[in-house]
């Protein structure tokens, strides 16, 4: 589509929005023209929310999650189990696990996974601080909750090698059929994994 | 989902994004965290593109479309047919019609349609300037290209009443089966309209 914009200012704003993931030209135009219909203080509020976040966002010095304080509320919470660390790729994953209400340990945000194709080496990730936390001796278990991809597996293995000397218990989150899914539509690898890693039936239901 | 954000700055930015049409909490979080990974000047560029647009955007004094100049490139173009005005709701519609490459006339952006439910009365729209343009006597035809809704129809009728005294030709864009669509999936009103408003077959194909 060789779309000509009637205004270069409009075109520039649309271009900025199309840089966002999953936002094409048509959606970007709709979003920008929506903002244009708002009054100036609302538009200022929108723009400053993102510049302020970028300028003032702090990262927890323990787990590297985003935080308003030097140590995030989860790491600072004495009610959480500081002997269990859940290793995740990014901040969204922390929120996703928190939303399950099933986890009472703490986190460690890697900031990605090892991916030579994308130029991400172990040195680019928060792995050395994870090793430090484990080597301090207080940690009993590290749960690896990375993506089930080649890169995630590589990173799991790299962390396993780094931590094996400390005698900490290492586990990965279960892979299997999603709750509510039907067996016939599951892929073979997932179904196979869910059979190999079957768990004792306790008589309780999930739904 | 009772999602707790680990940072109030993050929460504020996500809230601003969820005000945009079609952007939910999950998408907003993804977009904000994507921006957070960019460097500060890129984030500044994103934010300023939208504040600059809001502050500096001009609207064509003739057709009310967005423009960098007092008169937009379309209205200023002597190659366009200034005797035909296409009346549309908003700037997106101007771009949509331009993209068809089928129209060489000029435009008039109403800024919405008459909608008592949403508190939009004729006085809120750019109707008086349309009447002025037509009353000047140069205009031969006004094409109404508004939404095919109750509000669009009401607005069409209002404009018809306002312009009828000037003896200008008034037409509406054709309603019918979309190119590439199959008859059996079309709704009755559209199919009925396409039969009533059938056009002579010229031997040319559209696809």
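Select from segment B:66-76 the residues that are in contact (Cβ under 8 Å) with a residue 12 or more places away in the chain, facing chain A (nearest Cβ under 10 Å) and part of a loop (DSSP other than H, G, I, E, B) and list them in ascending order.
If the condition is that a residue be in contact (Cβ under 8 Å) with a residue 12 or more places away in the chain, facing chain A (nearest Cβ under 10 Å) and part of a loop (DSSP other than H, G, I, E, B), then B:72 is the only one that fits.
Hey, could you check segment B:14-37 for residues that are exposed (fewer than 15 other Cβ atoms within 10 Å of the Cβ) and closer than 14 Å to residue A:57 by Cβ and say which is modelled with the highest pLDDT?
B:34
What about residue B:85, is it assigned to a helix (DSSP H, G or I) and touching a helix residue (DSSP H, G or I) at 6+ places or on another chain (Cβ under 9 Å)?
Answer is no for this residue.
To keep it simple, each residue is scored yes or no on (1) within 20 Å of the chain's Cα centre (by Cα); (2) free of Cβ contacts under 8 Å to residues at least 40 places away in the same chain.
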| residue | (1), (2) |
| --- | --- |
| A:45 | no, yes |
| A:49 | no, yes |
| A:53 | yes, yes |
| A:78 | no, yes |
| A:84 | yes, no |
| A:90 | yes, yes |
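Could you please give the count of residues in segment A:90-111 that are at pLDDT below 95 and within 13 Å of another protein chain (Cβ to nearest Cβ)?
Qualifying residue count, segment A:90-111: 13.
Can you pull out every residue in segment A:138-170 that is more than 17 Å from residue A:89 (Cβ to Cβ) and out of contact with any helix residue (DSSP H, G or I) (no Cβ under 8 Å at 6 or more places or on another chain)?
If the condition is that a residue be more than 17 Å from residue A:89 (Cβ to Cβ) and out of contact with any helix residue (DSSP H, G or I) (no Cβ under 8 Å at 6 or more places or on another chain), then A:138, A:140, A:141, A:161, A:164, A:165, A:167, A:169 are the ones that fit.
For every residue, the table says whether it meets (1) assigned by TED's automatic domain parsing to the domain that holds residue A:146; (2) within 21 Å of residue A:86 (Cβ to Cβ); (3) modelled with pLDDT of 80 or more.
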site: A:161; (1), (2), (3): yes, yes, yes
site: A:188; (1), (2), (3): no, no, yes
site: A:192; (1), (2), (3): no, no, yes
site: A:195; (1), (2), (3): no, no, yes
site: A:201; (1), (2), (3): no, no, no
site: A:205; (1), (2), (3): no, no, no
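The values are calculated or read from the model by the stated rules, or taken from the named source; none is laboratory data. Here the structure is a predicted model, which means the values were calculated and not measured. All Cβ positions, even for glycine, are placed from backbone atoms using ideal geometry, and neighbour counts span all protein chains on display.
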